[in-house]
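Asks: Below you'll find the structure I mean.
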Amino acid sequence: MRPHGYGYIRPRYSPDIVGLCNSARMDTWRTALVKSDATGLWIRGHDIASLMRGASFTDVIFLLHRGRLPSDGERRLLDAILVASADHGAGAPSCATARLAASGNRESLSAAVAAGILAIGDVHGGAGAECMALFDAMATRMAREGLSVDEAARHVVDDARAGGRRVPGIGHRVHTTDPRVEVLFDLARAVGVAGHGVAAMIAIERAVALRVKPLPMNIDGALAAILHDLGFPPTAGKLLFIVGRVAGLTAEVTEEHTREKPMRIRIPVVYDGEPPH
Ligand SMILES: CC(C)(COP(=O)(O)OP(=O)(O)OC[C@H]1O[C@@H](n2cnc3c(N)ncnc32)[C@H](O)[C@@H]1OP(=O)(O)O)[C@@H](O)C(=O)NCCC(=O)NCCS
């Protein structure tokens, strides 16, 4: 409670609340990520000074999420994923949303970047999380029912069609061939990381061509395959796309502020409601 004209009034808490606040449960947060003291800072036990001198940003992202530094091959792959996710032009939902927010609210850079992140989800930039969950389900089914990867993928596509859902990681608004997919898979094979994730995603693409129509695998599907094979959990399929896309969102917002006049965006809207009366 804040002091006011009549003096500070001490808040009265029930004995239960006071007991809870005094207990370790309320006072202590657990973390295995970062430790700091008056003169030092350690990420997963690694001294910040040595990381700053010897590690890349990608190394530290891997370290934070996986608890260890990456091998050369792992670093190369995660770096390629982050580069591939960085930006896809002002018309991509996350970039367009960040620009709209930057155009209407010139006071808050962070609000514009956050608005861009809020546009990332199951259809844009986040389909990888669902793909990774599917790879796990496919592996379980392959082991339990003795299915091949192609048979398991056909079940994935049939289940999606039966439920009226689109298959995650497949299809693109712009590309007929997503130029990022083959690069990631080539790199994964070259460094010996390509495993079940890559095989499962390629099988899903084949099954969609068979059951629906030929559609390209997209970046969400490709990064999901690689992150699965790198041992990341399904949540990484969305979160690491966000890490990469923040690079682009910050540039999109900066360009909007520096090159465009405030509230410059005029979206062509067709009114098809009741005539004015
Ligand atoms: C990305 C996406 C939104 C593009 O949608 P779009 O521009 O409408 O796609 P297209 O015009 O090329 O194709 C339309 C038709 O192809 C089919 N199709 C497209 N993507 C499909 C998918 N992932 N699964 C099944 N069918 C799909 C549908 O039959 C669709 O017909 P409909 O409009 O009657 O539903 C869409 O492919 C999709 O939802 N993909 C899954 C989510 C995803 O991976 N997002 C990441 C994108 S980088």
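None of the figures in this text is laboratory data; all of them are computed from the coordinates on show. From a predicted model like this one, the values you see are computed outputs, not experimental measurements. Because the Cβ atoms are built from the backbone with ideal geometry, glycine has one as well, and the counts that use them run over all protein chains shown.
Asks: Which distance in nm do the two modelled labels at residue 107 and residue 159 give, with both placed 7 Å along the Cα-to-Cβ direction?
Replies: Distance between the two pseudo-spin positions: 4.8 nm.
Asks: Right, another one. Multiply the residue separation of residue 182 and residue 69 by 0.36 nm, subtract the distance between their alpha-carbon atoms, and state the gained length in nm to one decimal.
Replies: 38.1 nm
Asks: Right, another one. Taking only DSSP H segments of four or more residues, each worth -39500 (n - 2.57), what value at 222 nm results for the chain once the sum is divided by all its residues, to the nearest 500 deg cm²/dmol?
Replies: After summing the helix terms and dividing by residue count, I get -18000 deg cm²/dmol.
Asks: When the Karplus curve 6.51 cos²θ - 1.76 cosθ + 1.60 is applied with θ = phi - 60°, which whole-Hz ³J(HN,Hα) does each residue of the range 166-172 get, with x for Gly and Pro?
Replies: 7, 7, x, x, 10, x, 8
Asks: Moving on. List the chymotrypsin sites (Phe, Trp or Tyr not before Pro) within the range 173-277 that fall in a DSSP loop (any state other than H, G, I, E or B) and whose Cβ has at most 15 other Cβ atoms within 10 Å. Don't skip to the answer; put the middle values down first.
Replies: Numbers: sites: 185, 241, 271; in loops: 271.
For chymotrypsin sites (Phe, Trp or Tyr not before Pro) across the range 173-277 that sit outside H, G, I, E and B with at most 15 neighbouring Cβ atoms in 10 Å, the list reads 271.
Asks: Oh, and also: What's the exposure ranking of 124, 88, going from fewest to most Cβ atoms within 10 Å?
Replies: 124, 88
Asks: Under the rule a/c < 1.5 gives rounded, and otherwise a/b versus b/c splits prolate from oblate, where does the range 46-141 land using the Cα gyration tensor?
Replies: Cα axes put the range 46-141 in the oblate bin.
Asks: Let me ask something additional. Tell me whether the chain comes out rounded, prolate or oblate; compute the Cα gyration tensor, take square roots of the eigenvalues as a ≥ b ≥ c, and use a/c under 1.5 as the rounded threshold.
Replies: It is oblate, given that a/c is not under 1.5 and a/b is not larger than b/c.
Asks: At 0.36 nm per residue, and after removing the present C-alpha to C-alpha distance, how many nm does the segment from residue 190 to residue 147 gain when stretched out fully?
Replies: My answer for the length gained is 12.7 nm.
Asks: Neighbour counts of other C-beta atoms within 10 Å: give me 43, 81 arranged from fewest to most. Could the numbers behind the result be given before it?
Replies: On the way: 43 16, 81 28.
Least to most surrounded, the residues fall as 43, 81.
Asks: In what order do 189, 166, 245, 53 fall by count of nearby beta-carbon atoms within 10 Å, going from fewest to most?
Replies: 53, 189, 166, 245
Asks: What residues qualify as long-range amide H neighbours of residue 170, i.e. H under 5 Å apart, gap of 5 or more or another chain, H built at 1.01 Å from N?
Replies: Those lying under 5 Å, H to H, from residue 170 are 218.
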